[in-house]
1. Considering the values (1) 1.09; (2) 0.95; (3) 1.04, which represents Rg/Rh (Cα atoms, Kirkwood Rh) as calculated for the structure under consideration?
2. Once you've got the GNM for the chain with C-alpha springs shorter than 10 Å, pick whichever of LYS168, LYS136, LYS25 has the biggest mean-square fluctuation.
3. Beyond a 23 Å Cα-Cα separation, which of these cross-linked pairs lie in this structure: LYS136/LYS168; LYS123/LYS154; LYS91/LYS128; LYS44/LYS124; LYS124/LYS156?
4. Note down the relative contact order for the stretch 105-177 as a percent, whole number, built from C-alpha pairs under 8 angstrom at least six residues apart.
5. How large is ³J(HN,Hα) for each residue in the stretch 66-74, as worked out from phi by the Karplus curve 6.51 cos²θ - 1.76 cosθ + 1.60 (θ = phi - 60°), to whole Hz, x for Gly and Pro?
6. Taking R0 as 45 Å, what's the FRET efficiency between GLU59 and ASN105 from their Cβ-Cβ distance, rounded to 0.05?
7. For the stretch 13-76 and the stretch 91-140, compute the distance between their C-alpha centroids and round to whole Å.
8. Which GluC sites (Glu not before Pro) in the stretch 89-180 pass both tests, a DSSP loop state and at most 10 other beta-carbon atoms within 10 Å?
Amino acid sequence: MVRKEFEINLDEIAERAGRIGRLEKLEEELYFFARLVNTNYELKTTLENIGTQTTQKKEIIREIMPGETSDLFFEIVDNLIEAEKFNQLYKITSTFSEKVAQYQNVSLGELITAIPVSEHFVKKVQLKLSGLAGGKIRLKNFVDSDLVGGLVVKLKGGRIIDTSIRRKLEELKNCLTGEG
């Protein structure tokens, strides 16, 4: 079997997605899929395993992704699979998200909550943070049940806003044990 040369031009893909009005949608698809793969050990090992047939990997991905998933998404993922570079998915997704954010002149961040929240809630947090930061912020929402309650916002540059009950319990513990 001859391996396909690995070359992916994210600028060109971003330009193509922008021309058809799918830039943000493609970024969301990639980000969703990368998070799914990173949080599912069995899926990750299957897709990264060079022993798993290329066609089988592609079929698995097409079964997982919704019907309206873009052709550009499959072009990127198929390229990674054929070049046996699937382990670079998260890096490529992060790079693509940064390019989209630069193009849209926004800063990226993560909103981590103990339970799923509505898109409306995420937008409200984005607006509030954008006002405080003096620039547009776009947040991706992730659920971490270990937070117990509250939320954590991680912004690019390492800034973290942690209002979680987990952090408050840790502070109380430290206070009671004399560590804080």
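1. (3)
2. Checking each option, the largest mean-square fluctuation is seen for LYS168.
3. Working: LYS136/LYS168 29 Å; LYS123/LYS154 15 Å; LYS91/LYS128 29 Å; LYS44/LYS124 33 Å; LYS124/LYS156 19 Å.
Where the Cα-Cα span goes over 23 Å, the pairs concerned are LYS136/LYS168; LYS91/LYS128; LYS44/LYS124.
4. On the way: 113 pairs, mean separation 26.8, N = 73.
The normalised contact order for the stretch 105-177 reaches 37 percent.
5. Per residue, the Karplus-derived 3J(HN,Hα) values read x, x, 8, 4, 6, 4, 5, 4, 5 Hz.
6. Working: r = 39 Å, r/R0 = 0.86.
It comes out at approximately 0.70.
7. If you average the Cα positions of each part, the centres end up 21 Å apart.
8. Hits after loop and neighbour filter: GLU179.
The numbers here are math on the coordinates, done by the rules we state, and not lab data. Note that the coordinates shown come from a computational prediction; the quantities given were computed from them, not determined experimentally. We place every Cβ from the backbone using ideal geometry, glycine too, and count neighbours over all the protein chains shown.
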